[in-house]
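Encoded as C-alpha cells, the structure appears first; notes follow it.
Every read-out reported here was derived from the displayed coordinates using simple, explicitly stated rules and does not represent laboratory data. On a predicted model such as this, the values are computed, not experimentally measured, just so you know. All Cβ positions, even for glycine, are placed from backbone atoms using ideal geometry, and neighbour counts span all protein chains on display.
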Amino acid sequence: MLVTGRLTVIGIGPGPEAWVTPAVASVVTDAAELFGYGPYLDRLPGRPGQVRHATDNREELSRAEAALAAAASGARVAVVSGGDPGVFAMASAVCEAVGKGPAAWRALDIGFEPGVTAMLAAAARVGAPLGSDFAVISLSDNLKPWALIERRLRLMSEADMALALYNPASRARGAGAKQAFAVLKDCRSADTPVVMATAVGRSQERIVIQPLADCDGSGIDMRTLILVGSSATRLIDRPGRTPLVYTERFARMPR
Ligand code: SAH
C-alpha cells in the first residue's frame, strides 16, 4: 500500500505569535487536520476546511494514536504542543504510539519542528540564568515516582547545576513546588537566586525573583516555570529595572 499521509509534531512556543517559528507556521497552514490540547489549538489561525481535534490535556497517547491513524489514511496532520514538542510534550507520545502501533505506522512520513520552550523564554526575561551547565526536571509525578524527582533534585544540587523546573503545580494544591523547595533548601545555599516566571509572553505574565530561603511555593500555578541558580549564579540590581540574573561562564569544582 502506498502511504501518502504525513504527520508533523510542532511546538508553538510559550504564547505570543512572534515566538512561533516560520517553519511551524507553514506546517499549520498546510495541515488538513490538527490534533492538540484545546487551548493550544485556539491560539492558531484557522483556515476553512481544516479539521481540528481538540482533546483533553491528559490523553496524550490516544491523541497520538488518532493522529497517526489519520495520517495513515492519507491526511496531512499536525500534532500541536505548547513550547517545544520534545520537552514534556507530544513528540515522545507520538514515538511511543509508533513503537506500540501497527507496522504500517513505521512507514509513515513523520517529522518534528522545534519551538521555543518555556525555560528559554523565562531565562530571556531576566538575563542568562542558564548560561552555564544546567539540568531540566519536571515536578509532575504523573509518570514517575516523587522519590525519583527528589533524588534528581539532590544529585543535580550536588553537581552544582542550575535547574529549570517544569510542571510545578501538577501535584495537589501545589505541594510539588513546596516539597521541591524544601529539598533544595537542604542542599543549596540560602541566597541562591530563584526566578519564578508565570505565563511568560502572555498578558498575565509575572516574574518574581527571590532568594531560595524565601521560596515556599506560594504564587506558583500550572503556568509557572522555576529557574534555580547554581553557586555561580549572580544577581545584579538595577535602578528602576528588574535585576539581571546570570550564571557565570566560569565554574569551579563544588566543595
Ligand atoms: N512543551 C512545553 C512544556 C509542557 S509542560 C514547553 O516546551 O514549554 C507544561 C509546563 O511548561 C508548565 O507547567 C510550566 O512549567 C511550563 N510553561 C509552559 N508555558 C509557559 C509559559 N508561557 N510561562 C511559564 N511557564 C510555562
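Within a 10 angstrom radius of the beta carbon, how do Ile10, Ile236 rank from fewest other beta carbons to most?
Listed from fewest to most nearby Cβ atoms, that is Ile236, Ile10.
Taking H placed 1.01 Å from N in the peptide plane, check which residues at least 5 places from Arg234 or on another chain put their amide H under 5 Å from its amide H.
Residues meeting the criterion, in which the H sits 1.01 Å from N, are Tyr246, Thr247, Glu248.
Give me D for the chain in µm² s⁻¹, whole number, from Stokes-Einstein with Rh from the Kirkwood sum over alpha-carbon pairs, 4 °C and 1.567 mPa s.
For these conditions, the coefficient is 66 µm²/s.
Going 7 Å from the Cα of Ala175 along its beta-carbon direction, which residues of region 130-155 have the amide nitrogen within less than 19 Å of the resulting point?
Of the residues in region 130-155, 138-153 have backbone N under 19 Å from the label point off Ala175.
Between the alpha-carbon centers of region 1-72 and region 94-145, tell me the distance in whole angstrom.
With region 1-72 and region 94-145 each reduced to a Cα centre, they are spaced 16 Å.
Let's see if you can work this out: charge +1 on each Lys and Arg Cβ, -1 on each Asp and Glu Cβ, no other charges. What is the dipole magnitude of region 112-235 about its Cα centre, in debye to the nearest 20?
Its charge dipole is roughly 240 debye.
In a GNM of the chain with a 10 Å cut-off on Cα contacts, which of Pro16, Pro239, Pro129 has the highest mean-square fluctuation?
Largest GNM mean-square fluctuation: Pro239.
Could you compute the FRET efficiency for Arg43 and Asn142, with r as their C-beta to C-beta distance and R0 at 22 Å, rounded to 0.05?
Result of the calculation: an efficiency of 0.40.
Can you pull the three principal axis extents for the Cα set of region 58-156, in Å, largest first?
The principal-axis extents, from largest down, are 46, 31, 21 Å.
Give the relative contact order (percent, whole number) for the chain; include only Cα pairs under 8 Å separated by 6+ residues.
Result for the chain is 19 percent.
Using a Gaussian network for the chain with springs between C-alpha atoms less than 10 Å apart, which of these wobbles most: Val79, Val87, Val51?
Val51
Quick one: among Ile110, Ile226, Ile12, which has the greatest mean-square fluctuation in a GNM of the chain with alpha-carbon springs under 10 angstrom?
Per the Cα network of the chain with a 10 Å cutoff, Ile110 tops the list.
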